[in-house]
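Please read the structure below before turning to the comments.
The values are calculated or read from the model by the stated rules, or taken from the named source; none is laboratory data. All of these numbers come straight from a predicted model, not from anything done at the bench. Counting neighbours? That spans all protein chains shown, and the Cβs are built from the backbone with ideal geometry, glycine included.
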Amino acid sequence: MQSLKLLKFNICIFGILFITYCIGFFSEFITEHTFNWFKGIAAIGFLFVLMMNSLDLKDKNYKTT
């Protein structure tokens, strides 16, 4: 169980990382027709962590003090 402040910080960080790796993955796939496994798996991992943090925030599973 995390604090609310840390939970919001994690959502911001992992949201930015997810968007960055998604854009990099799709742009490389479209322009160079290569499949970069690292960026694809990293984007999926960041999405998973972002979803878990969002669910914790939605379910109010955090400490307020």
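Name the residue that is nearest to the chain's Cα centre (by Cα), counting only residues in region 1-25 that are surrounded by fewer than 14 Cβ atoms within 10 Å (Cβ to Cβ) and at pLDDT below 95.
It comes out as L6.
K63 - would you say it is of a type outside the set (S, T, N, Q), touching a Leu at 6+ places or on another chain (Cβ under 8 Å) and surrounded by fewer than 15 Cβ atoms within 10 Å (Cβ to Cβ)?
Values: of a type outside the set (S, T, N, Q): yes; touching a Leu at 6+ places or on another chain (Cβ under 8 Å): yes; surrounded by fewer than 15 Cβ atoms within 10 Å (Cβ to Cβ): yes.
It is true that K63 is of a type outside the set (S, T, N, Q), touching a Leu at 6+ places or on another chain (Cβ under 8 Å) and surrounded by fewer than 15 Cβ atoms within 10 Å (Cβ to Cβ).
Output the residue which, of all residues in region 13-64 that are among the β-branched types (V, I, T) and in contact (Cβ under 8 Å) with a residue 24 or more places away in the chain, is farthest from M1 (Cα to Cα).
So the residue we want is V49.
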